[in-house]
Each structure stands twice: as C-alpha cells, then as structure tokens.
1. Among the numbered criteria (1) closer than 20 Å to VAL104 by Cβ; (2) charged (D, E, K, R); (3) free of Cβ contacts under 8 Å to residues at least 24 places away in the same chain; (4) assigned to a loop (DSSP other than H, G, I, E, B), which single criterion is violated by GLU34?
2. Scanning for something more than 19 Å from ALA89 (Cβ to Cβ), out of contact with any strand residue (DSSP E or B) (no Cβ under 9 Å at 6 or more places or on another chain) and touching a residue at least 12 places away in the same chain (Cβ under 8 Å), does the stretch 156-169 turn up at least one residue?
3. Just checking, does the stretch 209-218 include any residue being outside any helix (DSSP H, G or I), more than 21 Å from the chain's Cα centre (by Cα) and within 28 Å of SER90 (Cβ to Cβ)?
4. Inside the stretch 244-255, can you point out the residues that are in contact with a Lys or Arg (Cβ under 8 Å, 6 or more places away or on another chain) and either exposed (fewer than 13 other Cβ atoms within 10 Å of the Cβ) or not in a helix (DSSP H, G or I) (or both)?
5. Quick check: anything in the stretch 213-236 surrounded by 17 or more Cβ atoms within 10 Å (Cβ to Cβ), of a type in the set (Lys, Arg) and either assigned by TED's automatic domain parsing to the domain that holds CYS187 or on the phi > 0 side of the Ramachandran plot (or both)?
6. Give just the number: which of (1) in a loop (DSSP other than H, G, I, E, B); (2) over 19 Å from THR277 (Cα atoms); (3) open to solvent by less than 10 Å² (accessible area, probe 1.4 Å) does ARG179 not satisfy?
7. Yes or no: PHE189 touching a Ser or Thr at 6+ places or on another chain (Cβ under 8 Å), in the same structural domain as GLN247 (by TED's automatic domain parsing), under 18 Å from TRP282 (Cβ atoms) and of a type in the set (Phe, Trp, Tyr)?
8. Closer than 23 Å to VAL186 by Cα, at pLDDT below 95, exposed (fewer than 15 other Cβ atoms within 10 Å of the Cβ) and of a type outside the set (Lys, Arg) - does that describe any residue in the stretch 280-294?
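The values are calculated or read from the model by the stated rules, or taken from the named source; none is laboratory data. What you are looking at is a predicted structure, and each value in this text was computed from that prediction instead of being measured. Note that each Cβ is placed from the backbone with ideal geometry, even for glycine, and that neighbours are counted across all protein chains shown. Side chains are part of the model used for accessible areas, which takes the heavy atoms of the whole protein and leaves out ligands, DNA and RNA. Shrake-Rupley method; radii C 1.70, N 1.55, O 1.52, S 1.80 Å.
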Amino acid sequence: MDFLRPASWEEALAAKAEHPTAVPIAGGTDVMVEINFDHRRPEYLLDLNRVGELREWEVGADTVRLGASVPYTQIMENLRTELPGLALASHTVASPQIRNRGGVGGNLGTASPAGDAHPALLAADCEVEVESVRGSRLIPIDAFYTGVKRNALAADELIRSVHIKKADGPQQYSKVGTRNAMVIAVCAFGIALHPETRTVRTGIGSAAPTPIRAAAAEEFLNAALEEGGFWDSRKIITPSIAKQFAQLAAGAANPIDDVRGTASYRRHAVGIMARRTLTWTWESYRGNGRTTEGVA
C-alpha cells in the first residue's frame, strides 16, 4: 500500500487524477477500521491532513460552506446556531477522540446508510462541492447517494466542502443505538422546519440501502400545516396529524435484519422518532426558538 501525502489542494487533485483508485483519508475514523479488519486493502492512501482549507468553514448570508474535514467537535462548538441539526448529530458520533478527528466529508465519502451526519444533511438541505483537475461541481444532497456505500463522485473527484442552508427554523435529530457512545446507529431520524418556505424536510439513516428522505411524510405534513394555517397561528399540531406523519415516515423505511436490529424494529423506531422530533421542533417553533436540546 503506497501513501500519498499532498501539501496542497492542487497537489491532492493531481494525485487523485494520477491514481483514481486512491482512497482519501483525513480523520481516518472509517477508512482505518476497514483496513484494520482487512475489509479493504487499497493500493494507495491519499492523506489530506496537510490540506488546511478542508478544515475551514465560512458562514454566508444563506449558507454555511463547511470544509470536508471540519471536525464534529468544531461543528458542535461553533455552528450550533447555523446548523443545529448537524450539531445535534455530531454529539452522537462515537467518542470525543473520534469527534475531534472525524468530519462530514468522511461520512459522505463512505456513504454508509448508518453515517450519523446524513439525516441532518438531508433535512437541512445542502449541496456537496466536489472537484477534480477537470473542474468543480455542486451535487444536490438528494442526488449524492447512489447505492449501498456508493455516491455520485467520479473516480478522479474529491469532496472539498458542503454548502448547507442556514437554519431558518428549529431542527432536530434522534438516534437509536445499543448505548450512548461508540455505537453504530440502529436507525436515525432528522427533521428541519423551514418557515421561510413553509416546508418540512426529513432524513432517515440506517433504515434503507441509502440515507433517504421520507418524501410522502413531508408532502402530507406540508399540506396539513398549510391547509390548517399552522405556520401563522403556531397552534399545537393535532395528534392525528402527528400520527399520520409518523406512519408515513415509518413507511418510507426499507430496512433489513442484521445484528443491530430487525427490520420491523427499525421501521417502528423511525415512526416513533418522527413523531417525537416533530413535536420537539414544533414546540420550539411555537416558542420562537431555534432548536431544543433533547436527543432520544
């Protein structure tokens, strides 16, 4: 196994162009696990740790440009207001040591359906900025996941950053695991209220071949909130609406049985998380807050 260590972004792109099979490594929290268990033996490792711009972020008027290697700890400490859902998801990632090393770019590159960042990114809405020596492009998050641990990256492309919409309303994230730390999600759910567009977006993790949105649940809830005048009145969402939303969210899941949980349990848990996170975010919206702090 050869180790490539570029000193700049330009050198990294050149190395990836010359060695398209090279596996990028920054935090290494996913890649090294696969290598240590001999699940993967790449010909080249492309170390991006000397590329400082990947650990930078920029807060704009409407979006946050988050470098691919910004550690989860930095998101928690510095971007809680702009990216509350992602900050909550970051709290659930593994251990403090891994949160200090891992970043969103690694989750996206691995594209595991169990990646903790995916539901929050889907709910918030974002674009993934990727680049090669041929140029750069923005991939909408809804088009990024193409299969089990597969994404829309070309062989010579690297993830540079993620352009995430700043929160204009409350966001929440919930994760079910066998314990509170160092655990892969049995399933996870993210939700974001977008009062400016009067829409709700969701994200489901570890309950389908890829991270997905609960599209039918979103469509139902968007119509119910608009027709009932809920955005203007801020009245309590009726139990029947919450129940239907939860059932549709559970119906969006397409899980499997594995050592962490059964398909039926995952589907049931997604519905529970959908109802709870909707309640939490709507109560926060009614109180003019950004987000609540509870994570189930």
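1. Exception for GLU34: condition (4).
2. no
3. No, the stretch 209-218 contains no residue that is outside any helix (DSSP H, G or I), more than 21 Å from the chain's Cα centre (by Cα) and within 28 Å of SER90 (Cβ to Cβ).
4. Correct list: ALA253, PRO255.
5. Within the stretch 213-236, one or more residues are surrounded by 17 or more Cβ atoms within 10 Å (Cβ to Cβ), of a type in the set (Lys, Arg) and either assigned by TED's automatic domain parsing to the domain that holds CYS187 or on the phi > 0 side of the Ramachandran plot (or both).
6. With (1) in a loop (DSSP other than H, G, I, E, B); (2) over 19 Å from THR277 (Cα atoms); (3) open to solvent by less than 10 Å² (accessible area, probe 1.4 Å) applied to ARG179, the lone miss is (3).
7. Yes.
8. Within the stretch 280-294, one or more residues are closer than 23 Å to VAL186 by Cα, at pLDDT below 95, exposed (fewer than 15 other Cβ atoms within 10 Å of the Cβ) and of a type outside the set (Lys, Arg).
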